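Okay, structure first, notes after.
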């Protein structure tokens, strides 16, 4: 099994993900530059950062990089792809996930811990959780305000494609628990096949107890378990 961590100009969480997958999860992982391809890889992570300085819109330039064609082919094969923070923005800008990520309701960069409720525990990324489980992951973004029109939102809910929602410690979707104004407190979504996940919080920053939480590791463990089952 081999996983690719994509690199764009301005990526800054690529080495964090690479370390966690290699050293904590224990899976062979490579950093793959945006001009290369993903042939031979069993899954991919599009990491966080500020690809191309977030010019035009966050993720807009990276979404048109050569490697994205290879990422589409990987996803079409049913292999798992996860986009984290800027990676989520890139997946949305590329059309691999629906909706839009806008400037936070209070327009400044937020770096803090957030509580998430697991809404779907049967996806390739959440199968290690219990449905309704509250987990703790950090956020670090300015454009994390997820929006979708009524039709898209209806499909996401009807097809059980909302993976995570921002909640308080008791698991309630309150306005105060929503750090960026995302519609319906959405923190992560899946594509129709379920093999692409986009999420704003950073699981790689919560994969070791020394960092304050190991909840994020379960997302990567689920992904590896899914690949093994293919």
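Across segment 206-223, the qualifying residues are those that are surrounded by fewer than 23 Cβ atoms within 10 Å (Cβ to Cβ) and touching a strand residue (DSSP E or B) at 6+ places or on another chain (Cβ under 8 Å), and the one among them that is farthest from residue 94 (Cα to Cα) is 212. The sole residue among 2, 35, 77 that is in contact with a strand residue (DSSP E or B) (Cβ under 7 Å, 6 or more places away or on another chain) and either in contact (Cβ under 8 Å) with a residue 12 or more places away in the chain or under 22 Å from residue 193 (Cα atoms) (or both) is 2.
Look at residue 6 and say whether it is modelled with pLDDT of 95 or more, within 14 Å of the chain's Cα centre (by Cα) and not in a loop (DSSP other than H, G, I, E, B). Yes. Each residue in segment 91-107 was checked for being buried (at least 22 other Cβ atoms within 10 Å of the Cβ), under 13 Å from residue 197 (Cβ atoms) and touching a helix residue (DSSP H, G or I) at 6+ places or on another chain (Cβ under 7 Å), and 1 pass. If the condition is being surrounded by fewer than 22 Cβ atoms within 10 Å (Cβ to Cβ) and outside any helix (DSSP H, G or I), then segment 51-70 contributes 55, 56, 57, 60, 61, 65, 66. The residue list 83, 87 contains one member that is in a helix (DSSP H, G or I), in contact (Cβ under 8 Å) with a residue 24 or more places away in the chain, closer than 19 Å to residue 193 by Cβ and under 15 Å from the mean Cα position of the chain (by Cα), which is 87. Is there a residue being part of a loop (DSSP other than H, G, I, E, B), in contact with a helix residue (DSSP H, G or I) (Cβ under 6 Å, 6 or more places away or on another chain), closer than 27 Å to residue 160 by Cβ and modelled with pLDDT of 95 or more anywhere in segment 28-46? Within segment 28-46, one or more residues are part of a loop (DSSP other than H, G, I, E, B), in contact with a helix residue (DSSP H, G or I) (Cβ under 6 Å, 6 or more places away or on another chain), closer than 27 Å to residue 160 by Cβ and modelled with pLDDT of 95 or more. In segment 5-25, the residues that are free of Cβ contacts under 8 Å to residues at least 24 places away in the same chain form Cβ pairs under 9 Å with partners that are exposed (fewer than 15 other Cβ atoms within 10 Å of the Cβ), at six or more places apart or across chains, as follows: 22/28. If the condition is being surrounded by 22 or more Cβ atoms within 10 Å (Cβ to Cβ) and more than 19 Å from residue 200 (Cβ to Cβ), then segment 39-50 contributes only 43.
If you filter segment 123-159 down to residues that are out of contact with any strand residue (DSSP E or B) (no Cβ under 9 Å at 6 or more places or on another chain) and in contact (Cβ under 8 Å) with a residue 60 or more places away in the chain, you find that the one that is nearest to residue 206 (Cα to Cα) is 128.
The values are calculated or read from the model by the stated rules, or taken from the named source; none is laboratory data. Since we're looking at a predicted model, the values are computed, not measured. Using ideal geometry, Cβ is built from the backbone for each residue, glycine included, and neighbour counts are taken over all protein chains shown.
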